[in-house]
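These notes concern the structure reproduced below.
The values are calculated or read from the model by the stated rules, or taken from the named source; none is laboratory data. Quick caveat: nothing in here was measured; it's all calculated off a predicted structure. A quick note on method: Cβ atoms are made from the backbone with ideal geometry, for glycine too, and the neighbour counts reach across all protein chains shown. Heads up: the accessible areas ignore ligands, DNA and RNA and are worked out on the full protein's heavy atoms, side chains in. Shrake-Rupley method; radii C 1.70, N 1.55, O 1.52, S 1.80 Å.
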Amino acid sequence: VKLMLELLPFDGAQVLELGCGKAEKTRLLAETGRVGSILALEVDTIQHERNLLISDLSNVQFRHAGAEAIPAEDNSIDIVLMFKSLHHVPMEFMDQALREIARVLKPGGLAWISEPVYAGNLNEVFKLFHDEKVVREAAFAAVCKAVDDGRLLLEKELFFNTRSFFENFEQFDQRMIQVTHSNHNLAPDLYARVKAKFESYLGSEGATFLNPQRVDLLRKPA
């Protein structure tokens, strides 16, 4: 987030966040006082209902919608943000999502598309019950296609690590398995395997994971 705040021209910008989740980054951005407005979309009905209860962010509008059908006018957005959400778009709609991003961006507008790289110890745990290799590859292919088509230009590509910390397996279970946007009903034997794999990384002070990320910073042709 620090990198994004340094690199993107947020001052007075009309911002669109696709897949805002619990609106943690939405809040952080809104509270900088720099942005003009934020349209924050979430496709998970349960989480969207919770977001609607947020009453202290006057410059944020929450809408229940997916990236493949953005409720915004053509050429109306300065900056589009996707934090680890493109690979959650159904594969058959990923190209459409990139077309929609290009449609709503103003000429010269920017899209910050952050996606997890399929690597790292946390991925070794996660893929036991939710292997995202295929969808992550499809998301990257959709970005490449949008650039190849000329709809969006690749401004720069960034690589960095994010850090995830869990005190114990129970905390991992709550945050990663018991989530509202996915129905991870794990059979007892699989649950035991996931627990054992997680605990192989657990030390006396919990488990810290470094998660490799890639950002494609795209610009709409002026």
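Quick notes on this one:
- Residue in segment 177-192 that is of a type in the set (S, T, N, Q), in a helix (DSSP H, G or I) and either touching a Phe, Trp or Tyr at 6+ places or on another chain (Cβ under 9 Å) or surrounded by fewer than 16 Cβ atoms within 10 Å (Cβ to Cβ) (or both) present: no
- Residue 125 meets the stated requirement of being more than 30 Å from residue 222 (Cα to Cα) and open to solvent by less than 60 Å² (accessible area, probe 1.4 Å).
- Here is the figure for segment 31-45: residues that are outside any loop (DSSP other than H, G, I, E, B) and either under 14 Å from residue 66 (Cα atoms) or within 17 Å of the chain's Cα centre (by Cα) (or both) total 6.
- Of all residues in segment 112-170, those satisfying the criterion of being touching a residue at least 60 places away in the same chain (Cβ under 8 Å) and acidic (Asp, Glu) are 115, 124, 155, 157.
- Residue in segment 79-94 that is of a type in the set (D, E, K, R), in contact with a strand residue (DSSP E or B) (Cβ under 6 Å, 6 or more places away or on another chain) and surrounded by fewer than 20 Cβ atoms within 10 Å (Cβ to Cβ) present: yes
- Residue match in segment 154-169 (condition: among the aliphatic types (A, V, I, L, M), open to solvent by 80 Å² or more (accessible area, probe 1.4 Å) and either in contact with a strand residue (DSSP E or B) (Cβ under 6 Å, 6 or more places away or on another chain) or modelled with pLDDT of 95 or more (or both)): yes
- Some residue of segment 198-211 being within 20 Å of residue 19 (Cα to Cα) and in a strand (DSSP E or B): yes
- Residue that is least open to solvent (accessible area, probe 1.4 Å) [pool: residues in segment 1-30 that are without any contact (Cβ under 8 Å) to a residue 40 or more places away in the chain, over 21 Å from residue 66 (Cβ atoms) and within 19 Å of the chain's Cα centre (by Cα)]: 30
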